[in-house]
Each structure stands twice: as C-alpha cells, then as structure tokens.
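Participant: First, the structure itself, so that you have it in front of you.
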Amino acid sequence: MWYRLLDDFQLALITLLGACAVIDITPFAVCRFVIGDLLVGVIASANATILGRPGLFWAYPTFPSSHFLVDRRNATVATAAVLVMLGVRGEAFASMLQMVLFLDTAAIVSLFATVFAQRAESQRLQLETLATRDPLTGAPNRRAMEQELQIALERQRRDPRAVG
C-alpha cells in the first residue's frame, strides 16, 4: 500500500486530506454531540455556509487540493461556485470587509493552485516522455517496453484469454 501512495500523487493527496479531516473533524463532531448539537455533529465536515466562521478555514485546503484531484475546469467551476455561494450567503462573515478579504484571498490561492497544478502536470508529462522515449528518434525505449509488458501481464492475470 505504501508503494501505491508513493507512486500515485492523487491517491496520496486524498489520503492525506482524509487523515487530516479525521484527526481534525472527529474531535469537533464529538464535542458537538456531547453538548447536544446533533445537527452540527452530523454535518461536521460540511461547507462553510453550514459551519459558520470555523468552516471558512476548511475552505482553504479544499480550494488548492481540488486542482490536483480533478481537471482544472471542474476545479475552477467548483471553486467559483463555492465563492459565489459564500458571497451571496454572507452569514459566516463578521463584516463586509471580512467577506471581501476572504473571497479575494481564496480566489488568489485558487489561481495559484491552478497555475501550479497545470505546471506540475506539464512537467510530469515531459519527464514521462524523457523517461520512455529515445531523444533522437522518439521511439519507445526499454522502459516503455517494460511498462507495456507489465500492463499485458496484469491484464493476463485478470483474464487469461485477454493476451493470446
């Protein structure tokens, strides 16, 4: 399992976010159950409009991580929708200035996350090409052949009739 986490960036990011959420949200939810606030205890991991001001802090790790977990268009649309929703429903903010500052900084963080995710994906593809193609001819090299062989072996293990 550890090898999968080391090799799969998205899986590692989801696992890290899940672990942080469990460690951070569980005590919050238990506390809410103990004081009798069952609704908030049940939806402790919900968005900032439900949790109020404390929930706003959960938006920050969500915005940049979404750009690494889903494609840029969906992440941008989801982030914009959440920011618009927070702007329309401003109950979570103490003042209009606080709302404007939060929305501005969240948009900036999301913009940087978009650029960084795009650049990281581009560099990953370049490195993959460098690692699997001959630089002079562009033909697949031994590493590419080994990857294809591994895929064929895994396919054959799942379905012996798949590889003839």
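The values are calculated or read from the model by the stated rules, or taken from the named source; none is laboratory data. Nothing here was measured: the structure is a model prediction, and the numbers come from that model. With ideal geometry, Cβ positions are generated from the backbone for all residues, glycine too; neighbour counts draw on all protein chains shown.
Participant: Suppose we filter segment 86-111 for residues that are outside any helix (DSSP H, G or I) and loosely packed, with under 11 Cβ neighbours inside 10 Å; how many remain?
Facilitator: Initially, segment 86-111 is screened for residues outside any helix (DSSP H, G or I), giving 89, 93-95.
Remaining after also requiring loosely packed, with under 11 Cβ neighbours inside 10 Å: 94-95.
Qualifying residue count for the region: 2.
Participant: Which condition number in (1) surrounded by 12 or more Cβ atoms within 10 Å (Cβ to Cβ); (2) modelled with pLDDT of 85 or more; (3) within 18 Å of ASP8 (Cα to Cα) is the one that SER66 fails?
Facilitator: (2)
Participant: I've got another one for you. Suppose we filter segment 112-142 for residues that are part of a helix (DSSP H, G or I), surrounded by 11 or more Cβ atoms within 10 Å (Cβ to Cβ) and free of Cβ contacts under 8 Å to residues at least 40 places away in the same chain; how many remain?
Facilitator: If we filter segment 112-142 for residues that are part of a helix (DSSP H, G or I), which is where we start, we get 112-132, 142.
Among the residues that remain, those that are also surrounded by 11 or more Cβ atoms within 10 Å (Cβ to Cβ) are: 112-118, 120-121, 124, 128-129, 131-132.
Right, trim to free of Cβ contacts under 8 Å to residues at least 40 places away in the same chain and you get 115, 121, 124, 128-129, 131-132.
So the answer is 7.
Participant: The conditions are (1) outside the structural domain of LEU56 (by TED's automatic domain parsing); (2) not in a helix (DSSP H, G or I), and GLU148 fails exactly one of them. Which is it?
Facilitator: Of everything listed in (1) outside the structural domain of LEU56 (by TED's automatic domain parsing); (2) not in a helix (DSSP H, G or I), GLU148 misses just condition (2).
Participant: Something else: Six or more apart or on different chains, Cβ under 7 Å: which pairs go from a residue in segment 1-19 that's closer than 11 Å to SER65 by Cα to one that's modelled with pLDDT under 70 and aliphatic (A, V, I, L, M)? Could you list them?
Facilitator: none
Participant: Still on this structure: Can you give me the number of residues within segment 71-85 that are free of Cβ contacts under 8 Å to residues at least 24 places away in the same chain, small (Gly, Ala, Ser) and either in a loop (DSSP other than H, G, I, E, B) or surrounded by 15 or more Cβ atoms within 10 Å (Cβ to Cβ) (or both)?
Facilitator: 1
Participant: Considering only residues of segment 143-162 that are among the hydrophobic types (A, V, I, L, M, F, W, C) and surrounded by 12 or more Cβ atoms within 10 Å (Cβ to Cβ), which is nearest to ASP8 (Cα to Cα)? Can you show your working first?
Facilitator: First pass over segment 143-162, keeping only residues among the hydrophobic types (A, V, I, L, M, F, W, C): 144-145, 149, 151-153, 162.
Filter once more, keeping what is surrounded by 12 or more Cβ atoms within 10 Å (Cβ to Cβ): 144, 152.
Values: ALA144: 18, ALA152: 20 Å.
Selected residue: ALA144.
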